[in-house]
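Each remark here refers to the structure printed beneath this line.
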Amino acid sequence: MTDDLTNIPYETLISETQLQARIKELGQQISADYAGQDLLLLCILKGGVLFLTDLMRQLSIPHEIDFLAVSSYGKEVRESTGVVRILKDLDKPIKGRSVLIIEDIVDTGHTLTYITNILNARQPASLKLCALLDKIERRRVNIPVDYIGFTIPDKFVFGYGLDLDEKLRNLPFIAVATG
Ligand code: 5GP
């Protein structure tokens with residue numbers, strides 16, 4: 001397959017049907033685990049946006065959302081350094097709240113380690129992680145991911161919120177480049 005707008009050849013790694021089925025399961029699990037709690041879904045921009053909006057439609061419990069935008073240094077060597085700059089902070093304090101981070105992908109784990117250290121200092125009641133994709137082979141730091149959509153091989157993926165040079169986030173499935 002070749003994208004009509006960018007001419008980039010790709011194949012589907014995880015289909016739209018597979019994504020939506022797994023997100024439904026995650027939604028049911030999170031709804032059960034957080035019943036009766038003051039749940040805040042904290043989406044890491046930009047990659048987590050499509051996952052957030054589909055996941056929240058599968059939750060049967062009340063919740064709020066907020067957004068954190070970070071820029072990670074070191075991407076040019078295809079490995080984040082863990083030095084993260086906050087580009088957009090949360091709108092409200094998280095002290096005493098049950099916070100669930102919604103992330104597109106965990107790769108080395110550096111970015112999430114840095115983010116969780118910053119957020120834990122703000123004293124939430126709990127802080128857990130939900131990642132759509134987990135590239136477990138590339139992990140450099142041990143960070144527990146509480147909810148995982150799919151474990152994937154060490155390949156660069158895009159679509160469904162994840163970018164290829166800032167484009168193709170709109171694909172409704174997860175793709176890998178071919179050729
Ligand atoms: P980490 O700090 O875990 O190495 O990096 C996590 C971040 O790197 C993700 O939030 C995402 O922005 C980016 N990233 C890692 N692997 C991929 C990938 O295969 N595709 C895309 N588009 N971004 C990735």
Please enumerate the residues belonging to region 71-87 that are open to solvent by 80 Å² or more (accessible area, probe 1.4 Å) and modelled with pLDDT under 65. TYR73, LYS75, GLU76, VAL77, ARG78
How do the pairs read when you match residues in region 131-146 that are farther than 19 Å from PHE51 by Cβ with residues anywhere that are small (Gly, Ala, Ser) and near the ligand (Cβ under 10 Å from one of its atoms), using Cβ under 8 Å and keeping only pairs 6 or more apart or on different chains? ARG139/GLY109; ARG140/GLY109; VAL141/GLY82; VAL141/GLY109; ASN142/GLY109
Which residue out of LEU68, LEU55, LEU59 is open to solvent by less than 50 Å² (accessible area, probe 1.4 Å), at pLDDT 95 or above and part of a strand (DSSP E or B)? LEU68
Which of the residues spanning region 159-179 are of a type in the set (A, V, I, L, M, F, W, C), open to solvent by 20 Å² or more (accessible area, probe 1.4 Å) and not in a strand (DSSP E or B)? PHE173
Which ones in region 127-144 are buried (at least 19 other Cβ atoms within 10 Å of the Cβ) and under 13 Å from ILE105 (Cα atoms)? LEU129, CYS130, ALA131, LEU132, LEU133, ASP134, LYS135
Take the residues of region 1-44 that are without any contact (Cβ under 8 Å) to a residue 12 or more places away in the chain and acidic (Asp, Glu): which is farthest from GLY96 (Cα to Cα)? ASP4
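The values are calculated or read from the model by the stated rules, or taken from the named source; none is laboratory data. Nothing here was measured: the structure is a model prediction, and the numbers come from that model. Positions of Cβ are generated from backbone atoms using ideal geometry, with glycine treated the same way; all protein chains shown enter the neighbour counts. Keep in mind that these areas ignore ligands, DNA and RNA; they rest on the heavy atoms of the full protein, side chains included. Shrake-Rupley method; radii C 1.70, N 1.55, O 1.52, S 1.80 Å.
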